[in-house]
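Taken together, the values in this text are just the output of simple stated rules run on the coordinates, not laboratory data. Since the structure is predicted, the reported quantities are computational estimates derived from the model, not experimental observations. Glycine also receives a Cβ, built like all others from the backbone with ideal geometry; neighbour counts cover every protein chain displayed.
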Amino acid sequence: MENLKIGKTNNLKVLKELDFGIYLDGLNEGEILMPRQYVPTNTVPGDYLDCFIYFDSEDRIIATTLVPFAEVDEFAYLEVVSVNPTGAFLNWGLPKDILVPFREQKVDMGEKRKYVVYIYYDEQSKRIAATAKLEKYLNLEPAEYTEGEAVTLLIYQKTDIGFKAIINQKHIGVVHTSDIFMNVDVGLEMVGYIKQVKEDGKIDLLLQKPGYHAIDDLAQKLLDVLKTK
């Protein structure tokens with residue numbers, strides 16, 4: 001029997017409709033409620049809906065058609081909305097904020113500040129949570145990328161030589177300061193390019209297509225010449 005993917009988008013069958021919402025086939029978890037406010041118009045039993053599965057404020061499994069900023073097993077740049085003795089709560093686009101326990105914080109998180117975190121499902125506590133300790137969730141195995149290949153990047157740390165970035169939600173790469181020709185800061189998400197994969201497996205990145213800057217520099221030199229005339 002297929003298992004429900006908690007903290008992810010599932011395609012589930014509508015079983016029945018009631019005044020307060022609909023019940024979906026939650027596979028191994030049984031019937032799951034989707035409250036009325038999230039049910040698409042004209043939905044009837046027998047339909048299949050793409051829905052995100054998480055826990056409500058009473059820790060019950062619930063379905064919604066709202067789309068979170070990130071799902072389980074993904075990295076995201078999220079804002080802290082409150083801090084209490086349990087940890088920091090981040091806005092991830094759903095009515096119930098997501099917790100970063102103090103033990104999962106690299107530095108004490110502050111309200112209204114944003115951090116790159118990883119979303120995970122804790123099988124033991126049966127809770128979806130987030131962590132700022134990113135490296136243990138990144139794939140450190142040698143990556144098979146080709147020079148010039150387009151990839152998604154999430155800038156997550158400033159270093160002495162540039163910025164570290166998460167590549168395709170999986171690997172670590174570095175954008176060297178000498179290759180940065182735009183404003184860059186932690187939290188930036190964009191398409192970047194593989195500059196090279198070194199023999200030791202480390203990956204260098206570019207933020208623009210290879211060869212772009214050569215053309216850009218030439219255009220700037222021509223403009224400079226024209227200004228002197």
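Could you list, in their original order, any pairs among Lys13/Lys126; Lys8/Lys112; Lys16/Lys96; Lys136/Lys195; Lys112/Lys198; Lys5/Lys96 whose Cα atoms are separated by more than 30 Å?
Violating the 30 Å limit, Cα to Cα: Lys112/Lys198.
So if we plug the beta-carbon distance of Thr41 and Lys126 into 1/(1 + (r/R0)^6) with R0 = 45 Å, what FRET efficiency do we get, rounded to 0.05?
Approximately 0.85, to the nearest 0.05.
Please list, by residue number, every one of the chymotrypsin sites (Phe, Trp or Tyr not before Pro) in segment 130-211 that is coil in DSSP and has at most 15 other beta-carbon atoms within 10 Å.
Phe181
I'm checking a number: the convex hull volume of the Cα atoms of the chain, normalised per residue, in Å³. What is it?
Expressed per residue, the convex hull around the Cα atoms of the chain is 200 Å³.
Go through segment 1-73 and name the chymotrypsin sites (Phe, Trp or Tyr not before Pro) that are in a DSSP coil and have 15 or fewer other Cβ atoms within 10 Å of their Cβ.
Within segment 1-73, the qualifying chymotrypsin sites (Phe, Trp or Tyr not before Pro) (loop, at most 15 other Cβ atoms within 10 Å) are Phe20.
Can you pull out the GluC sites (Glu not before Pro) in segment 50-79 whose DSSP state is coil and whose Cβ has at most 14 other Cβ atoms within 10 Å? Write out the running numbers ahead of the final one.
Details: sites: Glu58, Glu71, Glu74, Glu79; in loops: Glu58, Glu71, Glu74.
Within segment 50-79, the qualifying GluC sites (Glu not before Pro) (loop, at most 14 other Cβ atoms within 10 Å) are Glu58.
What ³J(HN,Hα) values, in whole Hz, does the Karplus curve 6.51 cos²θ - 1.76 cosθ + 1.60 give for segment 10-25 when θ = phi - 60°, with x put for Gly and Pro?
For segment 10-25, the Karplus curve yields 10, 9, 10, 8, 6, 9, 7, 10, 10, 4, 8, x, 10, 10, 10, 6 Hz.
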